[in-house]
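The values are calculated or read from the model by the stated rules, or taken from the named source; none is laboratory data. The model shown is predicted, which means the values in this text are computed figures rather than measured ones. Note that each Cβ is placed from the backbone with ideal geometry, even for glycine, and that neighbours are counted across all protein chains shown. The area values use the complete protein model at the heavy-atom level, side chains included, leaving out ligands, DNA and RNA. Shrake-Rupley method; radii C 1.70, N 1.55, O 1.52, S 1.80 Å.
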Amino acid sequence: MLLIGYGNPGRGDDGLGPALSEAVAARALPGLEVDTDYQLVAEHALAVSSHDVVIFADAEIGAEGAYSFREIAPGAPEVLGSHSLVPETVLALCETLYGATPKAFVLGISGYEFGEVKEGLSARAAANLAEAEAFFLDWLQTAAHQREAADA
């Protein structure tokens, strides 16, 4: 599995994705590779292509709860540029360039303060991060058990 946490920690709550990936990376969990970046780019398609499951973690605006979690599929972008791709586009590039179609999910963590240039998360976003991390660790454990059962 691959977890990609992305966003700009210099823009307040936009750093939620990197904060999650760094916290999870510090746990050094077996079977999980972790990547942290400012944004998704075409080169992520290569990293994604060598995994069965990928989770994209990013800040989210306007979510109903502390976080959201959903499965996604490859999708064509309206405009293809070299910067700031969405997860569905990374999956489409992965499929087109490398013939790989891993299961993919987006973990959106609710943030509130994005406008000004500042390091650190708002108090509400930090609380949401803690909830999202707990959810992710539980989900990861369940997914690992399901894979073990399928392999048996």
Charge dipole magnitude, Cβ of K and R +1, D and E -1 - the stretch 98-152, Cα centre, debye nearest 20: 140
Prolate/oblate/rounded label for the stretch 62-152 (Cα gyration tensor, a/c 1.5): oblate
Extension gain, Ala130 back to Ser68 (0.36 nm per residue minus Cα-Cα distance, nm): 21.0 nm
Sum of -39500 (n - 2.57) over DSSP H runs of 4+, divided by residues of the chain (222 nm, nearest 500): -12000 deg cm²/dmol
The chain, accessible surface, carbon-and-sulfur percent (1.4 angstrom probe): 52
nm² value of the averaged projected area, convex hull over the Cα atoms of the chain: 9.2
Packing-based ranking, highest mean first, of 107-113, 14-20 given that Cβ atoms within 10 Å are counted: 14-20, 107-113
Only Lys, Arg (+1) and Asp, Glu (-1) charged, at Cβ; the chain dipole about Cα centre in debye: 80
By accessible area with a 1.4 Å probe, ligands and nucleic acids excluded, highest first: order of Lys103, Lys118: Lys103, Lys118
Pairwise FRET efficiency - Thr96 versus Gln141, Cβ, R0 = 30 Å, nearest 0.05: 0.35
Order of exposure, largest accessible area first, which applies to Asp37, Asp13 with probe 1.4 Å: Asp37, Asp13
Considering only the chain, percent of DSSP beta bridges that pair antiparallel, nearest 5: 25
Cβ-Cβ FRET estimate between Asp151 and Ala47, R0 fixed at 25 Å, reported to 0.05: 0.60
